[in-house]
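Down below is the structure, laid out as structure tokens.
The values are calculated or read from the model by the stated rules, or taken from the named source; none is laboratory data. A quick note: this is a predicted structure, and the numbers were derived from the prediction, not measured. Note that we place each Cβ from the backbone using ideal geometry, even for glycine, and neighbour counts take in every protein chain shown. Quick note on the areas: whole protein, heavy atoms, side chains included, nothing else; ligands and nucleic acids left out. Shrake-Rupley method; radii C 1.70, N 1.55, O 1.52, S 1.80 Å.
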Amino acid sequence: MAGEPQADCLFCKIVSGDVPATVVHESDTTYAFRDINPQAPTHVLVVPKAHYPDAASLAAAEPAFAADVLRVAGEIATAEGLDSTGFRIVFNTGAGAGQTVFHAHAHVLGGRGLQWPPG
Ligand code: 5GP
Ligand code: ZN
């Protein structure tokens with residue numbers, strides 16, 4: 001069924017606790033943890049607990065969960081002190097855009113100057 005945990009999904013395993021992560025936030029609908037390979041001094045991933053392959057499909061199926069992910073991303077940026085210096089919320093979508101884990105996730109990046117456009 002849509003949104004159900006997938007046995008072969010890394011982020012479902014992190015949400016369930018089967019794979020360890022450095023968790024920075026949890027709510028009924030979201031989970032946030034530090035990226036294992038950080039690309040900036042702050043690099044946190046925010047995921048919906050429900051499994052959807054990318055942000056757009058999450059928003060189409062469960063707009064409230066998508067809003068939760070976005071709100072939590074902002075709260076984490078504030079908690080990490082990024083709101084004054086600027087930060088980036090990124091949803092890589094599709095392999096051609098660099099998506100490697102097909103469970104929707106927001107990257108929250110900050111703590112250094114961020115170039116635009118990204119690569
Ligand atoms: P994507 O490339 O799909 O946009 O982002 C996936 C992210 O997950 C990457 O930034 C990668 O470093 C991170 N990642 C991959 N495996 C793990 C893991 O086992 N634990 C954590 N915390 N992050 C991971
Ligand atoms: Zn999943």
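What to note about this one:
- Average Cα contact separation per residue, the chain, under 8 Å, 6 or more apart, as relative contact order %: 29 percent
- Cα centroid separation, segment 88-102 to segment 16-48 (Å): 16 Å
- Ranked by the mean number of other Cβ atoms within 10 Å of their residues, highest first, the peptides 72-84, 41-53, 16-28, 92-104 come out as 41-53, 72-84, 92-104, 16-28.
- Where labels lie 7 Å past Cα in the beta-carbon direction, separation of Ala56 and Ser16 in nm: 2.9 nm
- Once the 1.4 Å probe is applied to the protein heavy atoms, the chain comes out at 55 Å² accessible per residue.
- Kirkwood hydrodynamic radius of the chain, from inverse mean 1/r over distinct Cα pairs, in Å: 14.4 Å
- Our estimate of slack between Ala79 and Ala95, defined as 0.36 nm per intervening residue step minus the Cα-Cα distance, is 2.7 nm.
- The chain: calculated mean residue ellipticity at 222 nm from DSSP helix runs of at least 4, using -39500 (n - 2.57): -7500 deg cm²/dmol
- Positive-end ranking of Ala97, Gly3, Leu70 along the dipole of the chain, with charges on Cβ about the Cα centre, is headed by Ala97.
- Taking the C-alpha atoms only, the angle from helix 63-79 to the longest principal axis of the chain is near 30 degrees.
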